[in-house]
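A short worksheet on the structure shown next.
The values are calculated or read from the model by the stated rules, or taken from the named source; none is laboratory data. From a predicted model like this one, the values you see are computed outputs, not experimental measurements. Reconstructed Cβ throughout: ideal geometry from the backbone, glycine too, with neighbour counts over all protein chains shown.
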Amino acid sequence: MTATGIGAPVRRKEDQRFVTGQGRYVDDFNRPGQAHAYFLRSPHAHAAIRSIDTGLAMIMPGVIAVFTGDDLAADKIGGLICGWMIHSKDGSPMKAGPHPALAQGKVRYVGDHVAVVIAETLAQAKDAAEAIVVDYDVLPAVVDTAQATKAQVQVHDVSPDNTVFNWHLGNKDETEAAFARAKHVTKIDLVNNRLVPNPIEPRAAVGEYDFGTDNYTLYTTSQNPHVARLVLSAFIGVAPEHKLRVIAPDVGGGFGSKIFIYAEETVCVWAAKKVKRPVKWTSDRSEAFLSDAHGRDHVTHAEMATDETGKIIALRVHTTANLGAYLSTFSSSVPTYLYAPLLSGQYDIPAIYCEVDGVYTNTAPVDAYRGAGRPEATFVVERLVEKTARELGQNPAEFRRKNYITQFPHVTPVIMTYDTGDYAASLDKALEIADYKNFDSRKQESARRGKLRGIGFSSYIEACGIAPSQAVGSLGAGVGLWESAEVRVNPTGSVEVLTGSHSHGQGHETTFAQLVSDRLGISIDQVSIVHGDTDKVQFGMGTYGSRSGAVGMSAIAKAIDKVIAKGKKVAAHVLEASEGDIEFKDGQFGVAGTDRSMAFGEIALQAYIAHKFSGQDLEPGLKEGAFYDPTNFTFPAGVHICEVEIDPDTGVTKIERWTAVDDFGVIINPMIVEGQVHGGIAQGVGQALLEGAFYDESGQLITASFNDYCMPRAIDLPSFQVGMTVTPCPSNPLGIKGCGEAGAIAAPPAVINAITDALGHEDIAMPATPQAVWRAAQKARMPMAAE
Amino acid sequence: MYAFEYHRPTSVKEAAGLAGTAEDIKFLAGGHTLLPTMKLRLAGPANLIDLSQIAELRGIERSGDTITIGAMMKHAEVANSAELKEAIPALAEMAELIGDPHVRNRGTIGGSIANNDPSADYPAACLALNVTIITNQRKIAADDFFQGIFTTALEEGEIITQVSFKAPSQAAYVKFRNPASRYALVGVFVAKHADGVRVAVTGAGSNGVFRAADMEQALNGNFAAEALNGVTVAESEMNSDMHADAAYRAHLVGVMARRAVQAATSRG
């Protein structure tokens, strides 16, 4: 390992600009002549729009234009799309209702887009929005996930009972047969609470149109600018693909919520041409709560069957997944193919059957949020495994070990082929770091102080490195999920890497440079990473699903291999040796068996001056591109152990210890990986203890600000004990599995398993707020009081 | 935010004069409630009178065991005052528990009292310390001042100039924070005065800050945490919301009161 190569804890190159305030985010872009957009949003969860009168707003000071859904329709601007087709059990396609960027005839959630005002200033746009008169016929709303199909409310005409799909995966007959012969069946009912993503930078967009060149530019907070361009051009139709440049500059966190193509950026691009001015919109935090796609929101009943030896023999799951009022860009894939295929966990379960009903409600759209389906699956599996172990009177760690998959590759009943792993190794290491053997004495010490101590496990697995294009295509994806890279070597030997991945906090400018440094033997200071601009990078699929290491960097590695191959040809001419005798090692092209060699930079110069070879023999220059399509998902896995202490007087849960032992395969930068683990755990703890998005019966979001929606703070978290085990991923050239989502996937069941262990009963839902835990602790005390 | 006229008087008299002549006024102290409300366009006063440049609204004085605090003193100034830390450490500690450093360096005691937010800390301190609220027109006893959620005895245009009180022999404030907002879900201020114990509760009551009479009575007999065992506040008078229902709040009042007495009695 070199000081800046693979495996080195290199400090992040991008932090200099971030921590000194020099980052450049969408809202920092102000274009000449720019006007401001403000969206009038629905105050009602469900209403027919009888009329919209914009007359008064149009003549307000500073107003340039007011547009409604009719204006978009008149310009034949299409609706927003969902890019993953799910088929129901009966073979019928999912019921996708219309999703206009500005409402046409109906609003379906509080925050839905009714009209847009374009004005000289934001304040003038807001003033004018207040002057728009909308005549609503308010309709009853449906918000409750479990009741959505029974409500006397119809969100979309295409779905009379609000069902989007009734989907299933696994083998029903084998599962039923296994349950029939089971020695023991453990049942559980779970709610996976709805979350608001809350990246620190709210969404924003600046649309611009150049009448001279007929070119459109969109600056947008996106995790995948090329996909945004494709959707905006090919499906929504605001601009031709070759005429639309999408720039996603520095982006302050996404967690999934900036994958999707929303109404606001659509309208900004379209309106820029209409009003002949650049149009800017920046979400405020209140708008973000209402209109960013939310995450999770499942209601699940699950059962686990075990035989007389304590082996798990079957799992069956029924989940109702709330998709909100409209199908967001990838929403349909999240509770289906990103969820059920993970229900085998780390366990050898011969039979699994899962049914998922996707439903519409009058709430904000729900789509991928850090982990996307996999946290929901892990919560089901790990809560159920824990409960089963308790019911069988077995140690939860040893019950897990007994059921671990140990032979690889392993084909699960839910279409996954796990390539490699050593789950027991992670468990052993975690037990040691957590000082599990002394837990009982710590529990007794807590009890002496009147406190309840508990310990909870989470043995998680995730499918990352998303994803093999053929595989996802066969499952309904509208796109392939490969990645592209271009490695441009300059005559001075410095390198620019153009990548289709997008960094919005992940540190790609550092880790990608480490790969180049490692492979080409040059300093990371000689490497620039270029991303987030469709005019610079030819195409790419973006960053989500822990894919940028496993897929994005594999594409870079492939392009680097081509650069080295070309470099060898150049070196053969310059060093006057045969190409087969040229070796490349430690940044030097050398002739085997001699001391003749030239540094990478010297060969780069030779490639460009082309004095030592003819253009007929070899093309000048040194620039190579590659597309990399993975052959399988990757399977990061690990064991997290959470230890809590509960104050039964107040219900406050304090996390005393957190142990995380993860197998991410080969690690490029352990410091960045550890940071990803920390952030992921914080978000998972947020879901377990603090965060929950709640609508009242009328469909008003009652957790619509940080006053009511509780984000995790440093004080809520302990100092994490992070360990690693490594089984290199066999399906990509770098051995990387991915680490971005692991913490958020592992954490919720670890916390709830610890709380239920402390309380001595299973009856606690997320978020386990002090009130909820206090009430549950009262319940735990009752038998004692009766004694 | 809607447009407004901004005024920055340098004396209480000038401020009162502006309030008497201008239409639709709001006084601006620390602004931690008013400004966010204006930004959300939920409030839009035509005239904003900023009290921050009025010297006579500042200062902390101690005369014997009587303490006087200027209305525009910031939470951080109260928290860090050497005189207050010595004379009434419970109040300095309470101020240190308000919000975060940003809030404590903008928010003021007068602003907090005038706003009477049902989950603010100062109203509990004022009731428990039996403060006299001094305005540009009169003196008002704390017991008469707080009249329900966001409601006080202040008349239109009346300006709080100071609060004044006698330091108790023992006192402490303990609060249970709303996990999200960090405001008091329940906060209890106990103070043992020469003429009796006062227990004031914020955050919990459905009608805002209140004194817990049964607790005061119990503590008058024995100023010790165990004196509160079995003493409760009425659930029916507690606030109920998504963060805490009335039963939980009532329970927490008991827990926080015992912890406050414990803190007061264990103070050296």
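For B:Lys74, the stated conditions hold: it is of a type in the set (Lys, Arg), surrounded by 14 or more Cβ atoms within 10 Å (Cβ to Cβ) and assigned by TED's automatic domain parsing to the domain that holds B:Ala167. The C-beta contact set for region A:543-568 (first residue free of Cβ contacts under 8 Å to residues at least 40 places away in the same chain, second residue aliphatic (A, V, I, L, M), distance under 6 angstrom, 6+ apart or interchain) comprises A:Lys568/A:Ile582. Among the residues of region A:236-251, write down those that are buried (at least 18 other Cβ atoms within 10 Å of the Cβ) and farther than 17 Å from A:Gly83 by Cβ. Answer for region A:236-251, where residues must be buried (at least 18 other Cβ atoms within 10 Å of the Cβ) and farther than 17 Å from A:Gly83 by Cβ: A:Ala239, A:Leu244, A:Arg245, A:Ile247, A:Ala248, A:Pro249, A:Asp250, A:Val251. Select, from A:Leu343, A:Leu392, the only residue that is more than 22 Å from the chain's Cα centre (by Cα) and hydrophobic (A, V, I, L, M, F, W, C). Just one listed residue meets the conditions, A:Leu392. Under the condition of being surrounded by fewer than 24 Cβ atoms within 10 Å (Cβ to Cβ), small (Gly, Ala, Ser) and more than 9 Å from chain A (Cβ to nearest Cβ), the residues counted in region B:173-199 number 2. Within the set A:Glu287, A:Glu264, A:Glu241, the sole residue that is within 25 Å of A:Ala73 (Cα to Cα) and without any contact (Cβ under 8 Å) to a residue 24 or more places away in the chain turns out to be A:Glu241. Inspect region B:9-30 for any residue being of a type in the set (Ser, Thr, Tyr), within 14 Å of another protein chain (Cβ to nearest Cβ), in contact (Cβ under 8 Å) with a residue 12 or more places away in the chain and farther than 19 Å from B:Gly107 by Cα and give the result as yes or no. Checked region B:9-30: no residue is of a type in the set (Ser, Thr, Tyr), within 14 Å of another protein chain (Cβ to nearest Cβ), in contact (Cβ under 8 Å) with a residue 12 or more places away in the chain and farther than 19 Å from B:Gly107 by Cα. Residue selection: B:Arg211 fails the criterion of being within 14 Å of chain A (Cβ to nearest Cβ) and basic (Lys, Arg). In region A:101-149, the qualifying residues are those that are hydroxyl-bearing (Ser, Thr, Tyr) and closer than 18 Å to A:Leu290 by Cα, and the one that is surrounded by the most Cβ atoms within 10 Å (Cβ to Cβ) is A:Tyr109. Note on region B:254-265: among residues that are touching a helix residue (DSSP H, G or I) at 6+ places or on another chain (Cβ under 7 Å) and of a type outside the set (A, V, I, L, M), the one that is farthest from the other protein chains (Cβ to nearest Cβ) is B:Gln262.
Just so you know, in region A:756-774 the residues that are among the β-branched types (Val, Ile, Thr) and either within 14 Å of chain B (Cβ to nearest Cβ) or more than 27 Å from the chain's Cα centre (by Cα) (or both) include one that is surrounded by the fewest Cβ atoms within 10 Å (Cβ to Cβ), and it is A:Thr756. Considering each residue of region B:54-62 in turn, at least one proves to be surrounded by fewer than 22 Cβ atoms within 10 Å (Cβ to Cβ), in contact (Cβ under 8 Å) with a residue 60 or more places away in the chain and out of contact with any Lys or Arg (no Cβ under 8 Å at 6 or more places or on another chain).
Does B:Thr202 satisfy the condition of being touching a Phe, Trp or Tyr at 6+ places or on another chain (Cβ under 9 Å), more than 14 Å from chain A (Cβ to nearest Cβ) and polar (S, T, N, Q)? Judged against the criteria, B:Thr202 is a match. Restricting to region B:240-253, name every residue that is within 9 Å of chain A (Cβ to nearest Cβ), of a type in the set (Gly, Ala, Ser) and in a helix (DSSP H, G or I). Within region B:240-253, B:Ala247 is the sole residue that qualifies. Within region A:675-682, is even one residue in contact with a strand residue (DSSP E or B) (Cβ under 8 Å, 6 or more places away or on another chain), buried (at least 21 other Cβ atoms within 10 Å of the Cβ) and not assigned by TED's automatic domain parsing to the domain that holds A:Ser42? The answer is yes; a qualifying residue exists. When we screen A:Val551, A:Val516, A:Val530, A:Val537 for residues that are closer than 21 Å to A:Gly680 by Cβ and either at pLDDT 95 or above or among the basic types (Lys, Arg) (or both), the only hit is A:Val551. Scanning region A:688-721 for residues that are over 28 Å from A:Pro43 (Cβ atoms) and either away from chain B (no Cβ under 11 Å) or touching a helix residue (DSSP H, G or I) at 6+ places or on another chain (Cβ under 7 Å) (or both) gives A:Ala688, A:Leu689, A:Pro712, A:Ala714, A:Asp716, A:Leu717, A:Pro718, A:Ser719, A:Phe720, A:Gln721. Comparison of A:Ala205, A:Ala228, A:Ala248 shows that the only residue that is touching a helix residue (DSSP H, G or I) at 6+ places or on another chain (Cβ under 9 Å), over 30 Å from A:Leu689 (Cα atoms) and without any contact (Cβ under 8 Å) to a residue 60 or more places away in the chain is A:Ala228. Take the residues in region A:87-100 that are surrounded by fewer than 19 Cβ atoms within 10 Å (Cβ to Cβ), of a type outside the set (Ser, Thr, Tyr) and touching a strand residue (DSSP E or B) at 6+ places or on another chain (Cβ under 7 Å), then tell me which one is farthest from A:Ile52 (Cα to Cα). Ranking the qualifying residues of region A:87-100, first place goes to A:Lys89. The set of residues from region A:71-86 being surrounded by fewer than 19 Cβ atoms within 10 Å (Cβ to Cβ) and either in contact with a helix residue (DSSP H, G or I) (Cβ under 7 Å, 6 or more places away or on another chain) or within 17 Å of A:Lys273 (Cβ to Cβ) (or both) comprises A:Ala73, A:Ala74, A:Asp75, A:Lys76, A:Ile81. The sole residue among A:Val673, A:Val644, A:Val661, A:Val677 that is within 27 Å of A:Arg12 (Cβ to Cβ) and part of a strand (DSSP E or B) is A:Val661. If you go through region A:197-226 and pick out every residue that is among the hydrophobic types (A, V, I, L, M, F, W, C) and surrounded by fewer than 24 Cβ atoms within 10 Å (Cβ to Cβ), you end up with 3. Here A:Ile646 meets the list (1) closer than 30 Å to B:Asp245 by Cβ; (2) surrounded by fewer than 20 Cβ atoms within 10 Å (Cβ to Cβ) almost entirely, failing just condition (2).
Filtering A:Asp189, A:Asp173, A:Asp157 for residues that are assigned to a loop (DSSP other than H, G, I, E, B) and either modelled with pLDDT of 95 or more or not assigned by TED's automatic domain parsing to the domain that holds A:His44 (or both) leaves a single hit, A:Asp157. Would region A:268-280 turn up any residue that is in contact with a Cys (Cβ under 9 Å, 6 or more places away or on another chain), modelled with pLDDT of 95 or more and within 23 Å of A:Pro199 (Cβ to Cβ)? Yes: region A:268-280 contains one or more residues that are in contact with a Cys (Cβ under 9 Å, 6 or more places away or on another chain), modelled with pLDDT of 95 or more and within 23 Å of A:Pro199 (Cβ to Cβ).
One line per residue, one yes/no per condition, for (1) within 28 Å of A:Lys779 (Cβ to Cβ); (2) of a type outside the set (S, T, N, Q); (3) out of contact with any strand residue (DSSP E or B) (no Cβ under 9 Å at 6 or more places or on another chain); (4) modelled with pLDDT of 95 or more:
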{"site": "A:Phe664", "(1), (2), (3), (4)": "no, yes, no, yes"}
{"site": "A:Ile672", "(1), (2), (3), (4)": "no, yes, yes, yes"}
{"site": "A:Thr703", "(1), (2), (3), (4)": "yes, no, no, yes"}
{"site": "A:Leu717", "(1), (2), (3), (4)": "yes, yes, no, yes"}
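Of the residues in region B:149-165, none is within 13 Å of the chain's Cα centre (by Cα), in a loop (DSSP other than H, G, I, E, B) and within 14 Å of chain A (Cβ to nearest Cβ).
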